[in-house]
Amino acid sequence: MVSQKALPRKFYEQRPLVVTKKLLGKNIVRRVEGGVMIARIVETEAYIGPRDKASHAYDNRKTKRTLVQWSKRGCAYVFKIYGRNHCFCVVIGRRHVPAVALIRAVEPLQGLELMAKNRHVRSTVNLTNGPSKLAQALRITSELNATDLCRRGDLFIAEGEEPIGRIVSSARIGIDYAREYRSVPWRFCVPDSIFVSKRQ
DNA sequence: CGACCGATCCTC
DNA sequence: AGGATCGGTCGT
């Protein structure tokens, strides 16, 4: 039986890289009409503004899109990318310091049928093995931007099983333009998960 | 107001 | 390897 108690604010108030790493193994709980979906986080990345050139909040770019990055830790930052895809992040920066953890991959635990319906794919691994794939599977869109994940609502994160083995860290994916921040090891994943992006 | 482009995914 | 697809962002 998996816990459905939201992680406390205190969890998100640790140092950004600590939170990003500790999110591995935690469970995303998503309630929609038709049921509950639960998925275990297996891959994350940290974006730590304002100096991080890969971050949307680089150089303190505070816009309508990025504003949530300055809100309370433990809130959701959901953005749309390439016109059709969404990505799901968690705010983890101290007050006045924008920072988020991007959820890059999860393992489905409950509600696989719902996820498959949302994704229109057959294979289980293809359900949630990428940031926009999991957002689509869990039906996470811009409407959920700024959701407080510390409340037990339609979207929150709960305690899960500790990852077994050593956490792998590496450079982040898809941010080659970020100059000297291109190679910082701010990507974390559990070892041996088939849902983790190829490339480590 | 126009131009550019992306923390991706899918198909070829 | 290339196209989809559109709102955010920035320069004029």
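The values are calculated or read from the model by the stated rules, or taken from the named source; none is laboratory data. This is a predicted model, so every value here is computed, not measured. Every residue, glycine among them, receives a Cβ derived from its backbone with ideal geometry; neighbour counts consider all protein chains shown.
Flag set for A:V78, criterion: of a type in the set (V, I, T), in a strand (DSSP E or B) and either free of Cβ contacts under 8 Å to residues at least 40 places away in the same chain or within 13 Å of DNA strand C (Cβ to nearest atom) (or both). Within this structure, A:V90 fails the test of being more than 8 Å from DNA strand B (Cβ to nearest atom), surrounded by fewer than 19 Cβ atoms within 10 Å (Cβ to Cβ) and touching a residue at least 60 places away in the same chain (Cβ under 8 Å). Pairing residues of the range A:44-70 that are farther than 21 Å from A:T147 by Cβ with residues that are basic (K, R), at Cβ distances under 7 Å and at least 6 apart in sequence or on separate chains, gives A:K53/A:R179; A:A54/A:R172. A:K80: buried (at least 21 other Cβ atoms within 10 Å of the Cβ), of a type outside the set (F, W, Y), more than 22 Å from A:R182 (Cβ to Cβ) and modelled with pLDDT of 95 or more, yes or no? Here the answer is no, as A:K80 does not meet what is asked.
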